[in-house]
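Each remark here refers to the structure printed beneath this line.
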Amino acid sequence: MILPMQTKTYYSYPFLDNGISSSYRSYSNNDNLPHDQQRHLTEYSSSLSDPNYLQSQGSNSHTIIETETKVSKPPFIKRILVVDDDPDITLTFKAGLDGHYYGDGDKKKRFEVYVYNCPLFVLTQFKPYFYDLLLTDIYMPNMNGFQLCEKILELDANIRVCFMTALEVNIQALREIYPNISFGCFIEKPVSIKYLIQRVSAELD
């Protein structure tokens, strides 16, 4: 013997200020509701499905819209100014650093790298308070990295500085010659991109 299937269909409409729930359900004949209640539900459901009825409610009807929006916070941009007279080095550093992400969640950061091969030209193009870090070679023609650093610090005292060199340097002697420069970040060349990322990330943080 096959039993008839009971069906219940749910509908949703704008909520009304008259206190009547805007959600109702239509019952099949198997729900065994009294005849007068079935008639009431039928009339009420018909009025709710009538656009003219809903429009006549005017300001008494309010549509509730539930939205779930996931907004990912854009990463902090860390701009790095790389200066080295060797084009191969600046090209390699830009390829390795530019666009690199580090950190997690809201603290995620991304490198944005700008490279120059002439320190004199850098000074003509430099934008104060635009870069976060200056990564410069020490021994370059026309102007060494320390001299470049001094000039840039006059324009932007907040920029952080990392020096690069393939030669040994006497830090104590340099402090006497350049008293206004911090020598906390020295990177020895040649350097791997992995170590460069770690060193620059630590300096920026």
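The values are calculated or read from the model by the stated rules, or taken from the named source; none is laboratory data. Keep in mind the model is a prediction, meaning the values are calculated, not measured. All Cβ positions, even for glycine, are placed from backbone atoms using ideal geometry, and neighbour counts span all protein chains on display. Each accessible area value is taken on the protein alone, full model and side chains, heavy atoms only, with ligands, DNA and RNA left out. Shrake-Rupley method; radii C 1.70, N 1.55, O 1.52, S 1.80 Å.
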* Restricting attention to segment 156-165, does a residue exist that is in contact with a Cys (Cβ under 9 Å, 6 or more places away or on another chain), closer than 18 Å to His100 by Cβ, touching a residue at least 12 places away in the same chain (Cβ under 8 Å) and open to solvent by 50 Å² or more (accessible area, probe 1.4 Å)? -> yes
* Quick check: anything in segment 112-120 surrounded by 11 or more Cβ atoms within 10 Å (Cβ to Cβ), in contact with a helix residue (DSSP H, G or I) (Cβ under 8 Å, 6 or more places away or on another chain) and in a helix (DSSP H, G or I)? -> yes
* To do: State the number of residues belonging to segment 136-155 that are surrounded by fewer than 17 Cβ atoms within 10 Å (Cβ to Cβ) and aromatic (Phe, Trp, Tyr).
  => 1
* Asked: Checking Ile77 against (1) at pLDDT below 90; (2) open to solvent by less than 90 Å² (accessible area, probe 1.4 Å); (3) not hydroxyl-bearing (Ser, Thr, Tyr), which test does it fail?
  -> (1)
* Tyr102 being surrounded by 16 or more Cβ atoms within 10 Å (Cβ to Cβ) and more than 20 Å from Asp86 (Cβ to Cβ) -> yes
* Meets criteria (modelled with pLDDT of 95 or more and either among the β-branched types (Val, Ile, Thr) or surrounded by fewer than 17 Cβ atoms within 10 Å (Cβ to Cβ) (or both)) for Asp84 -> no
* Asked: Do the conditions hold for Ile89, that is, is it aliphatic (A, V, I, L, M), more than 12 Å from the chain's Cα centre (by Cα) and open to solvent by less than 70 Å² (accessible area, probe 1.4 Å)?
  -> yes
* To do: Filter segment 166-196 down to residues that are free of Cβ contacts under 8 Å to residues at least 24 places away in the same chain and closer than 22 Å to Lys127 by Cα, then give me how many there are.
  => 1
* Are any of the residues in segment 96-116 of a type in the set (A, V, I, L, M) and out of contact with any Lys or Arg (no Cβ under 8 Å at 6 or more places or on another chain)? -> yes
* Asked: In segment 135-205, which helices (runs of 4 or more DSSP H) lie fully inside it and hold 2 or more residues that are modelled with pLDDT of 95 or more?
  -> 145-155, 193-204
